[in-house]
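Peer 1: Starting off with a structure, shown below.
The values are calculated or read from the model by the stated rules, or taken from the named source; none is laboratory data. What you are looking at is a predicted structure, and each value in this text was computed from that prediction instead of being measured. Backbone-built Cβ (ideal geometry, glycine too); neighbour counts: all protein chains shown.
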Amino acid sequence: MATKPTVVFYPVDGMGHVVPMVELAKLFVLHDFAAAVVLMHSHTKHPSFDPFVARVSASHPSISFHQLRPPVESADETFIYPVRQNNPQFLQFLSSYRQESDVRAVVLDFFCTDALDVIAELGLRIHIFFPSGASVLSLFLYLPTMYAAMDVSFGDLAHTPLHYPGTHPVPASHMPSEMMDRENVMFKKMLRLLDRLPDADAILINSFDQFEAEAIETLRSGVCVPGRRMPSVYCVGPLVVDASGDIGERKGDTPACLAWLNAQPRGSVMFLCFGSMGSFSVDQLKQIATGLERSGQRFLWVIRAPPSIKGVNVDQPTSEPDLDDLLPEGFLERTKQRGIVVNSWAPQVEVLNHAAVGVFVTHCGWNSVLEAITAGVAMVAWPLYAEQRLNKVFLVDQMKLAVAMEGYDREMVTAEEVETTLRWVMESEGGRELRERAVAIKERAAEARREGGSSQLAMQELTTRDLEEFKSK
């Protein structure tokens, strides 16, 4: 039997990167490709990682996973992902794998541009997968140009607005923390990473044309990389796991939080969840709890252990703390008629798609944003790290699909700010309009993925090109 054409996927090991890349692999499988996901060696691993890989392997036999051997060279501690140290093993894998498979292209994670030369050496087609949105990508691609025109660090500019093609200005203070100091080693490595992005044949974005039209048009025009060739841009999202593929481990046939939601009125529940790595200090948790209690709203709140809690393993984000140690005395008892607090994990996709959920209080991680978009749920934006503040600007200022949590850009958000924001989104006319816009964008997201939709056509064009080009290689 003839071997299917194969695409190799190379993600970094964070769950926020592996999960959408596996969803992308599933799309290639639907277009009659086989998919090989190569996992670089890493010293850290999310506890949901292995169960997730096992489930995908069992349910999608056309997707195979391959673990690289540990690198000879020790990991570079100044950068979170040891891509360069894994390059020899990755080259060895590709060279060997091509002997038995018809490899047509390699899809690199955005953070893996240090592997570009490895793929170019083999003459394979190179795609970059950007797991966040087009608006952030337009800023990142323009960053080397912006940097060359500046003589100060972003950290020196405080809230000065940064202007770049494709979307609203963003305050300099909202740039990712590793980019704040231009003399920092992390900043220089990020700059090098970003400068290599135009070397790819194509960039695949986890978004859809109807969602980020202005930014996507700007990217395709090439103005973000003046004087350089802009790769082809394909919006292939929203890539969102279905409920059965949600990451994390179930603790029963029906999680208690879903059973609780079944008894709540339609659109009445605030869902608070801050990603696989999002956590707060004990003092901040108590402020949130007090604000929730005063707001009078129904809520489902997922709490992760603060890193400082004794007895909790900070390398295991789902370690479970004692909730009574984290929350105000008597809070759980006083609010049990209208709220539920969940330790560490809830099936987020299922929760967001439950009819009882009306608003999502989120850290603005892009996977969570798209899960809310596809569920038609309005957001309260409380960004914590990475590019999440940039996502907040897009969602609040441009798309008006979220309202910012008052005080998010200070060290502590007060109970009064939590109460005020939650009351506004659930009780005001502005909050009602926000929720209506969220319902409308849900339909546009569904249209993009349907037969003949923009993302489906993008995948068709992309896979046709990968099938027809390099046939003789």
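Peer 1: Name the residue that is nearest to residue 126 (Cα to Cα), counting only residues in region 442-458 that are of a type in the set (A, V, I, L, M) and surrounded by fewer than 20 Cβ atoms within 10 Å (Cβ to Cβ). Walk me through it before giving the result.
Peer 2: Here is the first cut: in region 442-458, the ones of a type in the set (A, V, I, L, M) are 445-446, 448, 457-458.
Now narrow it down to the ones that are surrounded by fewer than 20 Cβ atoms within 10 Å (Cβ to Cβ): 446, 457.
Numbers: 446: 28, 457: 20 Å.
By that ranking, first place goes to 457.
Peer 1: On to the next question. Is there a residue being in contact with a Gly (Cβ under 9 Å, 6 or more places away or on another chain) and aromatic (Phe, Trp, Tyr) anywhere in region 201-217?
Peer 2: Looking for residues that are in contact with a Gly (Cβ under 9 Å, 6 or more places away or on another chain) and aromatic (Phe, Trp, Tyr), one finds at least one in region 201-217, hence yes.
Peer 1: Which members of region 375-386 meet the condition of being in contact with a helix residue (DSSP H, G or I) (Cβ under 8 Å, 6 or more places away or on another chain) and buried (at least 24 other Cβ atoms within 10 Å of the Cβ)?
Peer 2: Within region 375-386, 377, 378, 379, 380, 381, 383 qualify.
Peer 1: Those residues that are on the phi > 0 side of the Ramachandran plot and modelled with pLDDT of 95 or more, I need them from region 319-370; list them, please. Break it down into steps so the answer makes sense when it comes.
Peer 2: Start the filter on region 319-370 by keeping residues that are on the phi > 0 side of the Ramachandran plot, which leaves 330, 344, 364.
Across region 319-370, the qualifying residues are 330, 364.
Peer 1: For region 90-100, state whether one or more residues are part of a helix (DSSP H, G or I), within 25 Å of the chain's Cα centre (by Cα) and over 19 Å from residue 230 (Cα atoms).
Peer 2: Looking through region 90-100, at least one residue is part of a helix (DSSP H, G or I), within 25 Å of the chain's Cα centre (by Cα) and over 19 Å from residue 230 (Cα atoms).
Peer 1: Residues in region 398-409: is at least one in the same structural domain as residue 290 (by TED's automatic domain parsing), in a helix (DSSP H, G or I) and modelled with pLDDT under 95?
Peer 2: yes
Peer 1: Looking only at region 322-353, which residues are buried (at least 24 other Cβ atoms within 10 Å of the Cβ) and closer than 17 Å to residue 266 by Cα?
Peer 2: Answer for region 322-353, where residues must be buried (at least 24 other Cβ atoms within 10 Å of the Cβ) and closer than 17 Å to residue 266 by Cα: just 351.
Peer 1: Okay, moving on. Which members of region 162-173 meet the condition of being closer than 22 Å to residue 225 by Cβ and either surrounded by fewer than 17 Cβ atoms within 10 Å (Cβ to Cβ) or not hydroxyl-bearing (Ser, Thr, Tyr) (or both)?
Peer 2: 162, 163, 165, 166, 168, 169, 170, 172 - these are the residues of region 162-173 that are closer than 22 Å to residue 225 by Cβ and either surrounded by fewer than 17 Cβ atoms within 10 Å (Cβ to Cβ) or not hydroxyl-bearing (Ser, Thr, Tyr) (or both).
Peer 1: Quick check, is residue 414 of a type in the set (S, T, N, Q), crowded, with 20+ Cβ neighbours inside 10 Å and modelled with pLDDT of 95 or more?
Peer 2: The answer is no for residue 414.
Peer 1: Scan region 259-287 and report the pairs whose first residue is within 21 Å of residue 408 (Cα to Cα) and whose second residue is loosely packed, with under 15 Cβ neighbours inside 10 Å and at pLDDT below 95, with Cβ atoms within less than 7 Å and a gap of 6+ or a chain change.
Peer 2: 279/307
Peer 1: Another question, then. In this structure, is residue 395 surrounded by 22 or more Cβ atoms within 10 Å (Cβ to Cβ) and either in a loop (DSSP other than H, G, I, E, B) or of a type outside the set (Asp, Glu) (or both)?
Peer 2: yes
Peer 1: Condition (residue is at pLDDT below 95, within 24 Å of residue 388 (Cα to Cα) and assigned to a helix (DSSP H, G or I)) applied to region 117-137: is it met by at least one residue?
Peer 2: No, region 117-137 contains no residue that is at pLDDT below 95, within 24 Å of residue 388 (Cα to Cα) and assigned to a helix (DSSP H, G or I).
Peer 1: Okay, moving on. For residue 65, state whether it is at pLDDT 95 or above and within 28 Å of the chain's Cα centre (by Cα).
Peer 2: yes
Peer 1: Same structure, new question: Return a yes/no flag: does region 263-279 have any residue that is modelled with pLDDT of 95 or more, aromatic (Phe, Trp, Tyr) and within 24 Å of the chain's Cα centre (by Cα).
Peer 2: yes
Peer 1: Here is a follow-up. How many residues, within region 192-221, are of a type outside the set (D, E, K, R) and surrounded by fewer than 17 Cβ atoms within 10 Å (Cβ to Cβ)?
Peer 2: Step one: of region 192-221, the residues of a type outside the set (D, E, K, R) are 193-194, 197-198, 200, 202-208, 210-211, 213, 215-216, 218-219, 221.
Now restrict to residues that are surrounded by fewer than 17 Cβ atoms within 10 Å (Cβ to Cβ): 213, 221.
The number of residues fulfilling the criteria is 2.
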